[in-house]
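Here's the structure, in C-alpha cells; my notes come after.
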Amino acid sequence: MKTQNLSNSISKRQNGFFSRKKNGIYQIILLSIMLFYSQALFAHCDSYDGPVIKDAFEALESNKVNLILKWVNEDQEEKITALFKKTYSLKKGDREIYKIVEMHFLETLVRLHRETEGEPYTGLKPAGSTSKIIQMADNSIEIASVEELTTNLTAHIENVVREKFEKVIELAKVKEESLEYGRAYVGAYVDYTHSLEAIHSILEHGITQHMDHME
C-alpha cells in the first residue's frame, strides 16, 4: 500500500510537470535551462567548428579584424588587433611559418575569450567535439528557427525524467528486501528529485542564483 501511494504521488507530480510542456513559453524556458547548462559544461568556443574560430578564419580571409573583436573585452582589443595584423601580413609568405603564427593567433584569441567567461583555456578542440545540443543550438541560429530544437529538446528532457522516475518506482517495490536494494533506491530517489529540484530552482531563481547555490 505504501509503495502504491508513493507511486501515485510521484505519478501525479510527474503528470503535472509534463502537462506544462504544452505551453510554448515553458518550452522556451526549458530550452534556456539546457542551453545554459550546455554552455557551462560543454563550452564550444574553443573548438574548430565553434563560432570564435569560424569568425577568426573569416576575419583572416577578409582582413576584417572587427569580426573577432566582439569575442574579447575592450582591454584585450589592442593585443588581438596587433596579433591579427601580424598574422594577416604573413598570409602570402612561407606557408609553414604562417601556419605557426596562425595557430598562435587562434590560441590567443580563444584564451582571451575564455578569460572573459571566467573559464580556463584548455587548448583548441577538433571539429566535431562540440556537444550535440550546442550543434543544434548553432544550427537553430543559422536557420533562424527554434522549432525543431524545442521539439527535440522537450522530448529528450521528458525521456530523461521518465527514465529516472521509472527507476525510482521499480526500486521502491524492493527497497526493504535488502540493504543493497535500499541504497539503490535512495540513490535513484536522490538523482530523480535533485534533477527536478535543479529545474525548479532555475525556473524560480534563474541560472546565476542556481549556480551560486550549487557552490
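Six or more apart or on different chains, Cβ atoms under 9 Å: show the pairs whose first residue is in segment 103-124 and at positive phi and whose second is not hydroxyl-bearing (Ser, Thr, Tyr).
Pairs that qualify, where the first residue is at positive phi and the partner is not hydroxyl-bearing (Ser, Thr, Tyr), are Gly123/Asp46; Gly123/Glu107; Gly123/Val110.
Scan segment 56-78 residue by residue and report those that are over 29 Å from the mean Cα position of the chain (by Cα) and either closer than 16 Å to Glu115 by Cβ or among the β-branched types (Val, Ile, Thr) (or both).
Of everything in segment 56-78, just one residue is over 29 Å from the mean Cα position of the chain (by Cα) and either closer than 16 Å to Glu115 by Cβ or among the β-branched types (Val, Ile, Thr) (or both), namely Glu78.
Sort through Leu109, Leu153 and tell me the only one that's outside any loop (DSSP other than H, G, I, E, B), out of contact with any Pro (no Cβ under 8 Å at 6 or more places or on another chain), modelled with pLDDT under 80 and surrounded by 12 or more Cβ atoms within 10 Å (Cβ to Cβ).
Only one candidate passes the filter, namely Leu153.
Count, please, the residues in segment 175-192 that happen to be assigned to a helix (DSSP H, G or I) and either surrounded by 14 or more Cβ atoms within 10 Å (Cβ to Cβ) or more than 24 Å from the chain's Cα centre (by Cα) (or both).
Counting residues in segment 175-192 that are assigned to a helix (DSSP H, G or I) and either surrounded by 14 or more Cβ atoms within 10 Å (Cβ to Cβ) or more than 24 Å from the chain's Cα centre (by Cα) (or both) gives 12.
Just checking, does segment 23-35 include any residue being modelled with pLDDT of 90 or more and either part of a helix (DSSP H, G or I) or farther than 30 Å from Ile199 by Cβ (or both)?
Checked segment 23-35: no residue is modelled with pLDDT of 90 or more and either part of a helix (DSSP H, G or I) or farther than 30 Å from Ile199 by Cβ (or both).
Could you grab me the full set of residues in segment 43-54 that are surrounded by fewer than 18 Cβ atoms within 10 Å (Cβ to Cβ) and either part of a helix (DSSP H, G or I) or modelled with pLDDT of 95 or more (or both)?
Pro51, Lys54
The values are calculated or read from the model by the stated rules, or taken from the named source; none is laboratory data. Just so we're clear, the structure is a prediction, and the values are computed from it rather than from any experiment. Cβ atoms come from the backbone with ideal geometry, glycine included; neighbour counts cover every protein chain shown.
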